[in-house]
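Have a look at the structure below before the remarks.
The values are calculated or read from the model by the stated rules, or taken from the named source; none is laboratory data. A quick note: this is a predicted structure, and the numbers were derived from the prediction, not measured. All Cβ positions, glycine included, derive from the backbone under ideal geometry; neighbour counts span all protein chains shown.
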């Protein structure tokens, strides 16, 4: 992706509120034919979005659940400790009321921030990962953009943002878990 398009996408993502980031993540997973749902509600237990990677898309042939916490802006040590850590400590231990969720599958926990994490927050996440069975994968904004680009999603999103090109289908975002359609 050229630098101008990367900046355009970066600025767009930074401008989104957290709920719009959840919708963006749903679009990203749906673009890859991965079932995903918003789970942000009372009793969310550290999850905003959950994705279900079936055995056909898993190189090990098993499948797994992806629990995602998305945070707007920069992540500092104080915010990591007071806001995010508590939520993520709960994430691996609660069932998800969704038809595609499977207790017997592995769980990946992603923390996505729409900017960067400070070195202190990154060090604290690494320390957390050394001491727990479930690790937190940190995706900062540029990581997210690289993943979007590598799957072709960045091109599609840029077409939507700029109105350039032809988007061939509307993206239907399903209701959050527990919400009626």
*From the list 9, 75, 88, 25, which residue is buried (at least 16 other Cβ atoms within 10 Å of the Cβ), within 22 Å of residue 133 (Cβ to Cβ) and touching a residue at least 40 places away in the same chain (Cβ under 8 Å)?*
88
*Scan region 1-41 residue by residue and report those that are part of a loop (DSSP other than H, G, I, E, B) and within 16 Å of residue 159 (Cβ to Cβ).*
1, 2
*Among the residues of region 53-63, is any surrounded by 16 or more Cβ atoms within 10 Å (Cβ to Cβ) and in contact with a helix residue (DSSP H, G or I) (Cβ under 7 Å, 6 or more places away or on another chain)?*
yes
*Just wondering, is there one or more residues in region 56-73 that are closer than 26 Å to residue 142 by Cβ, touching a strand residue (DSSP E or B) at 6+ places or on another chain (Cβ under 9 Å), assigned to a helix (DSSP H, G or I) and modelled with pLDDT under 90?*
no
